[in-house]
Amino acid sequence: MKVDRLAAILMFVLLIPAGAGAEVLTSDTVWSNEVLVKEDILVPAGVILTVMPGTVVRVLPADSTKTDPEYVSHRTEITIRGSLNVQGQKDAPVIFTMAGGVQQELLDSWAGIIIDSGTADIAWSTITGAETALTVSHGKLTAEKVSLVENRYGLIIQGEDSSVSLNRSIVEKNDYGLFLLNGGHLTRKDSTISGNGKKDEFSGKSVPSLPIRSYSPEDKVTSRVYRDEALLGVTVWKGRILVEGLVRLPPEAQLLIMPGTVVEFSKKDTNNDGIGENGLMIQGRLIAKGTSSAPIIFRSAEQNRSMGDWDSINILGSDQLQNLIEFCQIEDAYRGMHFHFANVAVTNSVLRNNYRGAQFQESLVIMGRNIFYNNKSGVQARDSEVVFEHNEIINNQNGANFFRLDLKAHHNVFASNEHDGLRVREGVARIEDNLMIGNRFGLLVADANYTEVQRNFIASNQEGGLALRNSDHLRISGNAIQNNGINGIIIRESRGIISGNSIAANGERGIAIVSYSGSITQNNIFANSLYGIGLEGSSDIDARDNWWDDSDLVREIYDGDDEAGLGTVHYLEQSAVPFSFTWAWPQMSGDVVWGGNIAVTEKVTFVQGSKLEVRPGTTVRFDQGAGLEILGVIESKGTKESRITYTAEEGGELGYWDEVSLQQAGESFFTYSDFSYATWGIHSHFTPLRITGCRFMDNYGGMRFRSGPVEITGSVFKQNEIGIRSFRGVGRIDRNDISENEIGVFIREKGAGLALQYNNIYANERYSLRLGDFNRQEVNARHNWWGGDDPAVVIFDQEDESYIGKVQVDPVLPGRLDTIVQ
Amino acid sequence: MNEEYCAHFYVKSAVRLQRITILLLVFVVLFSGNLPAPVAAEPGVLGGRVLDIVEEPVQSAEVYIFDSLDVKRPADFISNRTGENGQYQVQLPPGNYWAVAVFRQGGGRFGPLAYGDKHSGEAVAFEVAAGVKRSMDFMVLNLREAARKHQKKNADLIRVTGKVKHESGSPAAMAYAMAHKLEQFGVLPDYISAWTDTQGEYTLYLPPGRYYLGASLGFPPKNGYILNLNQQFIEDTDKVDLIVDKVKEVQ
């Protein structure tokens, strides 16, 4: 059958006059009449592609594994880094379409027109049959009378520096109409975006930028210049090296680059494709062993350095010895590193501003603690054995793309990449303990026979979290898949086990299923905006024994009960209690939602700009010494009927776990949240914080704070060593019940900023209120009930030590307040 | 088809169809729509062995057979469970099929594989003709075994791993291991590892043989270092711990 279709394609190709081949257009080009695009077309900076009125551009679709870094998509694309001028007219429109006669399910679609840092003016044109008719990524587009129809996506505008003016145009009959990602700008006039199958308009939410490291070289004078030559024996480079050609290292030769060396490559572009050709070609051994204080820099020698000024560090056929690239910074290259049949370790290095950070095949590669950022493509590999650990792949157009690897990828961060964070096809992969956040798509696993995806945090990806396609023997477990723009997981033609995950708060569906054979069990699936599971296929789905929180499953399961022809999702029996979910990630950014039963085994830090939402009814259990550090925001949203619990994993020991620490955090709150067996339930510094209806019992300390403002109301502090401790605190403590503690309230210093009023403060063992030795200020504690005791007996202040401040208690309430909210 | 997975099975004695049989089959396929009533064709037989990664027979495995390339669903036919000799056999109506072999640790026949269960990988396409016995062997692997099977490591190299430590026994970060055929070397030893992590862990890739090993903090190592651990390595070896800078100065 395949042969027949391919034959049909070939016949079709033969019958159409060839107008354009696959190429980088190195000079201004005009298309007219019929144009067949067989492979990718790239219009580089400085070049103009003009399409004349009446032209029909047919693109032969392909979903390949092409390796050239200058291209963006896996499909056949027309990429504009220079200018595109499409001069359609009312009576002679221009049409861009998929080459006819090809069935879409066989070869998929063509990529579309990608305006990548370029500009485009398109008039009176139709674009159809593409994955995305128009993608504008860091570029500008003016579209007048343009129809984007019957594509998967109509228009995608990516990045704050992208702008589109859409005039008198139509975006319809696509699966998705308009996507605005990472702050792309659109102005539209008399344009229609409607009638798209799945969604007309979508705006993705980006995550705060992660810190990015880089190395800064020392100023040095060029000590040696190399041109086209071969290095024999052992060569040592140090100081500042200028390469003005292709330096080759034949087999048996060694190049040793000393810490602190700067290697610069001048630009030589003989074919005028915009990409430099100077570089290193190593068949011997390369040892580039920098250190953190004396890194090695590889970069352009041009005054205005730009991406692709030089070629690459090529290591070819060097697998008898391990090559080392450590503490290096590689920038401005076409491919920063390029290995074939090589054995290489790359550690602690920075790869930035390259078309592609690293590319390799048939190699044994260890990559650890590197950062790939601001490349068009971070890393691409095939047919290799790869250990990929503790790397950061951030802010690239495409993150990591691995094809047919024996891959172990763990503890990496794939963040804010414009397309995929991590894409894995075929091969054997263990993908564990990674963060995948803020990409357009977090993780794609396709055509794989064995894959484990475990303990990954796949969240806040703008469109989708985890996509599984045509894969078998999948084990998806222990992952938190949440806050993704549309679908948490999307599954097509796959089989496996999806178990023990937390799938929450995704923009539309927790799990979207086209076709799946396997089980979905013992997951916590909750708070997804549209459906917990949305079925689009006719097969039944086994989704028994999951916890759904308080979901209305009749509404939140979309299956044959909602649309004729769909299969049935079998979700009964469901678990009445949440499954324990271990939080496996020590540092979090972006938005995080906790629900069900969370186990915290170590300190978890929520960085500045992040937000932790804890849903009603959640239980958080801490291992010994574990705790939370909040530098962003926490919203602990317990309710009277559904309280939140923060407690010890086991035992009943004061101080078993550490604390919920808020350090210069954003405005946060805890409502109806209970703390027990902590060192301190809450420890807050310089944070605006509200505590309402909470219980602090059996901790070493209930709550301590510095500065504020802090508002503590309606809460219970009981059976702690210290109920509340304030150090230079500012805020209001009222209508609380503070009893049976060793010390009820301890104000260490500068207590004048507090109003401690309308509380029941009684039956505390040593003092109900004690001022610290350094507190010289008067403290307002009027209108409290002290359990009928003489306040002077239960308060330690100036009456006891003359040099400390005085507590103002009058008037004292005669009886217990019964207005405590609990 | 994935070539790597193709390597997991072996067609041992595929019976060649005679030309006349092919013509007959073509005739039957072309004109079967005009036949007055379906005629049950004589079944064919598929048999063979299910083997593990070291090519030992696997007991209690099954071969699942599908009538389309969509093999991520319940099978259309399932063989008997293999016995001690790993043999399986199943009768099939003549036609085109796809097959995989599965071994489930916990028994059972349906549903996705559990942890540690084994599978033969990509489905194998085959044709069964009436009355013909066809033989195919399968190799079943779990994830770890599949990973090992697919390693691209240069077969000539072995992997030596361990920790670089200070003399106190604490792990040495930002150190590296070295190996050389002789006690002394020139600018660099023949083999050198990446910088160690905070746990002091290193990996050296060496051709099998006898080497002198050492470890250093500074790079490049000082002139005159003498590597003092002499050891033969013939296969991947772990826990070869090295003491950093424990070297003798040249007299």
Relative to the isolated chain, which residues of the stretch A:353-369 have their accessible area cut by 50 Å² or more in the presence of all protein chains (1.4 Å probe, heavy atoms, no ligands or nucleic acids)? A:LEU364
The convex hull of the Cα atoms of the stretch A:302-369, divided by residue count, gives a volume in Å³ per residue of 72
Given the alpha-carbon gyration tensor of the stretch A:224-417, what are the semi-axes of its equivalent ellipsoid in whole angstrom, ordered largest first, with each equal to the square root of 5 times an eigenvalue? 23, 19, 16
Roughly how many Å is it from the Cα centre of the stretch A:690-766 to that of the stretch A:361-427, as a whole number? 50
Where Rh is the Kirkwood radius over Cα pairs, Rg/Rh for the stretch A:719-822: 0.93
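Round to a whole number: what % of the accessible area of chain A belongs to carbon and sulfur, probe 1.4 Å?
Answer for chain A: carbon and sulfur cover 46 percent of the accessible area.
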If I stretch the segment between A:ARG188 and A:ASP561 completely, what's the gain in nm (0.36 nm per residue apart, minus their alpha carbon distance), one decimal? 130.3 nm
Shielded residues, the stretch B:54-75 - accessible-area loss of 50 Å² or more between chain alone and all protein chains, probe 1.4 Å: B:LYS72
Inter-label distance, nm, simple model (7 Å from Cα along the C-beta direction), B:ASP236/A:GLU160: 4.8
How big is the Rg/Rh ratio for the protein assembly as shown, C-alpha atoms only, Rh by Kirkwood, two decimals? 1.02
Between A and B, buried accessible area summed over both sides at probe 1.4 Å, in Å² to the nearest 100? 3900
Relative to the compact-globule estimate 2.2 N^0.38 Å (N residues), the Cα gyration radius of the stretch A:520-592 stands at a ratio of 1.25
Report the rotationally averaged projected area of the stretch B:188-229 based on its alpha-carbon convex hull, in square nanometres. 3.4
Among the Cα-Cα pairs of the stretch A:580-808, the proportion with separation greater than 26 Å, in percent, is 32
Are there GluC sites (Glu not before Pro) in the stretch A:645-723 that DSSP marks as loop and that have at most 13 other Cβ atoms within 10 Å, and which are they? A:GLU650, A:GLU653, A:GLU667
B:ARG73 paired with A:ASN304, simple spin-label distance in nm, labels 7 Å along Cα-to-beta-carbon: 5.9
Heavy-atom accessible area, 1.4 Å probe, ligands and nucleic acids excluded: residues of the stretch A:482-522 down by at least 50 Å² from chain alone: A:ARG495
Virtual spin-label span in nm between A:SER216 and B:LEU217, 7 Å along Cα→Cβ: 2.7
Between A:GLN757 and A:LYS268, what is 0.36 nm times their sequence separation minus the Cα-Cα distance? Round to one decimal in nm. 168.3 nm
Would you mind checking the tilt of helix A:2-15 against the longest principal axis of the Cα atoms of chain A, expressed as 0 to 90 degrees and rounded to 10? 60
Here the longest stretch of chain A that holds no chymotrypsin sites (Phe, Trp or Tyr not before Pro) in a DSSP loop having at most 15 other beta carbon atoms within 10 Å is A:1-685
Sites B:ASN85 and A:HIS570 - FRET efficiency at Förster radius 41 Å, r taken between beta-carbons, to 0.05: 0.55
Looking at the stretch A:570-675, which trypsin sites (Lys or Arg not before Pro) are DSSP coil and have at most 11 other C-beta atoms within 10 Å of their C-beta? A:LYS640
For q values of 0.11, 0.20, 0.21 Å⁻¹, compute log₁₀ I(q)/I(0) with the Debye formula on a Cα-only model of the stretch A:419-576, without solvent. -0.35, -1.26, -1.39
Using a Förster distance of 30 Å, the FRET efficiency for A:THR291-A:ARG227 (Cβ separation, nearest 0.05): 0.55
In square angstrom, what is the accessible area per residue of the protein assembly as shown with a 1.4 angstrom probe? 39
How much solvent-accessible surface does A:SER676 expose, in Å² to the nearest 10, with a 1.4 Å probe and all protein chains in place? 20
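Which whole number gives the average, over all residues in A:424-432, of C-beta atoms from other chains lying within 10 Å of the residue C-beta?
Rounded to a whole number, the mean comes out at 3.
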Within 10 Å of each Cβ in A:316-323, the average number of Cβ atoms from other chains: 4
Which FRET efficiency value, to the nearest 0.05, is calculated for A:ASP552 and B:GLN199 with the Förster distance at 41 angstrom and r the Cβ-Cβ distance? 0.25
Given C-alpha coordinates of the stretch B:158-243, what is the ratio Rg to Rh with the Kirkwood estimate of Rh? 0.93
Rounded Å value of the spacing that divides the Cα centres of the stretch B:178-228 and the stretch A:622-687: 49
With a cut-off of at most 15 other beta carbons within 10 Å, and DSSP calling the residue loop, which GluC sites (Glu not before Pro) in the stretch A:226-314 qualify? Please list them. A:GLU252, A:GLU302
Please tell me which of these pairs span more than 32 angstrom C-alpha to C-alpha: A:LYS611/A:LYS718; A:LYS376/B:LYS163; A:LYS238/A:LYS267; A:LYS268/B:LYS222; A:LYS718/A:LYS750; A:LYS38/A:LYS376? A:LYS376/B:LYS163; A:LYS268/B:LYS222
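The values are calculated or read from the model by the stated rules, or taken from the named source; none is laboratory data. Nothing here was measured: the structure is a model prediction, and the numbers come from that model. Please note: Cβ atoms are built from the backbone with ideal geometry, for glycine as well, and neighbour counts cover all protein chains shown. Surface accessibility is based on the protein's heavy atoms, side chains included, excluding ligands, DNA and RNA. Shrake-Rupley method; radii C 1.70, N 1.55, O 1.52, S 1.80 Å.
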